[in-house]
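Input: a single structure, listed below in structure tokens.
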Ligand code: SF4
């Protein structure tokens, strides 16, 4: 029997969303690879969030296998290349898929034997067949298939659970996004067509897994029009009608607040709440980002939107961006006040990051403002926990002071407990409001580490002097 090692690379010591223990979840794409592999294969998996694939000397920590398969987003790529090199040194072939392989084919092809761009579902059986017949090609393109392709293929969650006992799994219900926010890479690697999985297929998969904790894997489960909104209502109503009991969480946009029916079914079907891209309270910044969904509602309506969601006992996890053009040193206090005044149950953030191939990258690069240009090594900075471009509306020190202000007023000391008490006051009497308030509190406790690391990263940047060096000479 042939043996395949599935690896989720991770830069040791990094804290990001993967550090949130409440929702720590398996690498679903690798679970799909195991499920899609035809024939007689034995699998093992290394998730570097939990166990390293390389020891301190750069040697692999596992025995020889016939094939190594990895997945990688941009910030993981330097680590991925190190593992790939160690595999090559031991003559093990490596296949790489994921976002970075899709956007950086030329670079990635220097490090691995084969690249799968796009999504693997359609093309993976051919990749394996070619491998078994010694005719593996350099590149396969899986494209962006219709999601009905997932009807009869469920990810091999048991393989993952046997190894690491994950408490949460994710489940795909949609992919792609028709919007084009300047910082976001979703439309680039998942396409601008909003692809929806038939809700009955999702319900069937929910019934087939005994995972009670589920994350909806996509960036927007509610969608972008009446038809997709109706589909979301049917999905959560279907959970209630079929008696599917899950503790679930998902990402969506603020317009969901205008749909009391979907909120009611979300609450009844076990939803904790939702992560919503608030991004900014400054409409000029939102315009620059192209965040049309928030602009349509208007920042004046944010308070009312959050209130409507809380009435259903659902927690609001607001995701915001710091360091975007148009944000000056007053933006930190403004955002802190917004979070406190509106009882946002969790506030997480990303430092505005020009992910490669996005419109934002192109603009900042044209303006010669990106100071992390030594690729591939510098890709590890492109994770929203580092600043990689020069700011125009404040100095680096003002940025650091502003971030510290947010931390001191929302996270440090007794602030998380105070915010828990507010969450309980706001939604404690509704449906699962108490449970959802506790969920938000625990996410906040974990995000505390992510926040502290981002502050350390900024201070290290200031000390390094890199911020003012000219990398375009
Ligand atoms: S941020 Fe959200 S709405 Fe904007 S492009 Fe990305 S997925 Fe779409």
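The values are calculated or read from the model by the stated rules, or taken from the named source; none is laboratory data. None of the values given here were measured: they were computed from a predicted structure. Neighbour counts run over all protein chains shown; Cβ positions are idealised from the backbone, glycine included.
Structure summary
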item	result
Residues of the stretch 361-408 that turn out to be part of a helix (DSSP H, G or I) and under 19 Å from residue 16 (Cβ atoms), as a count	8
Scope the stretch 148-172; condition part of a loop (DSSP other than H, G, I, E, B) and within 21 Å of residue 7 (Cα to Cα); matching residues	153, 154, 155, 156, 165, 166, 167, 172
Residue match in the stretch 224-238 (condition: modelled with pLDDT of 95 or more and assigned to a strand (DSSP E or B))	no
Looking only at the stretch 248-262, and only at residues there that are assigned to a helix (DSSP H, G or I) and buried (at least 22 other Cβ atoms within 10 Å of the Cβ), the one that is farthest from the ligand (Cβ to nearest atom)	262
For residue 45: the one exception among (1) crowded, with 23+ Cβ neighbours inside 10 Å; (2) over 22 Å from residue 154 (Cβ atoms); (3) in contact with a helix residue (DSSP H, G or I) (Cβ under 6 Å, 6 or more places away or on another chain)	(2)
Cβ pairs under 9 Å, 6+ apart, first in the stretch 246-258 and not assigned by TED's automatic domain parsing to the domain that holds residue 226, second away from the ligand (no atom under 15 Å from the Cβ)	none
Scan of the stretch 270-299 for residues that are near the ligand (Cβ under 9 Å from one of its atoms), outside any helix (DSSP H, G or I) and crowded, with 17+ Cβ neighbours inside 10 Å, ordered by number	277, 279, 291
Check on residue 126, assigned to a helix (DSSP H, G or I) and either within 16 Å of the ligand (Cβ to nearest atom) or in contact (Cβ under 8 Å) with a residue 24 or more places away in the chain (or both)	no
Those residues of the stretch 210-230 which are more than 12 Å from residue 253 (Cβ to Cβ) and in contact with a strand residue (DSSP E or B) (Cβ under 6 Å, 6 or more places away or on another chain), in sequence order	211, 212, 213, 214, 215, 216, 217
Any hit, the stretch 317-333, residues being more than 19 Å from residue 404 (Cα to Cα), within 16 Å of the ligand (Cβ to nearest atom) and crowded, with 20+ Cβ neighbours inside 10 Å	yes
Scan of the stretch 352-363 for residues that are surrounded by fewer than 21 Cβ atoms within 10 Å (Cβ to Cβ) and over 17 Å from residue 190 (Cβ atoms), ordered by number	361, 362, 363
Scope the stretch 181-191; condition within 6 Å of the ligand (Cβ to nearest atom) and either surrounded by fewer than 21 Cβ atoms within 10 Å (Cβ to Cβ) or assigned to a strand (DSSP E or B) (or both); matching residues	184, 186, 187
Pair list, Cβ under 6 Å, 6 or more apart: the stretch 290-307 residue under 10 Å from residue 342 (Cβ atoms), other residue in a helix (DSSP H, G or I) and within 16 Å of the ligand (Cβ to nearest atom)	305/254; 305/257
Set 145, 178: member being more than 16 Å from the ligand (Cβ to nearest atom) and either part of a loop (DSSP other than H, G, I, E, B) or in the same structural domain as residue 247 (by TED's automatic domain parsing) (or both)	145
Selected residue [in a loop (DSSP other than H, G, I, E, B) and surrounded by fewer than 17 Cβ atoms within 10 Å (Cβ to Cβ)] from 218, 245	245
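Every residue, every condition in (1) under 24 Å from the mean Cα position of the chain (by Cα); (2) buried (at least 16 other Cβ atoms within 10 Å of the Cβ); (3) not assigned by TED's automatic domain parsing to the domain that holds residue 339, yes or no:
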residue: 387; (1), (2), (3): yes, yes, no
residue: 393; (1), (2), (3): no, yes, no
residue: 405; (1), (2), (3): no, no, no
residue: 410; (1), (2), (3): yes, yes, no
residue: 429; (1), (2), (3): no, no, no
residue: 440; (1), (2), (3): yes, yes, no
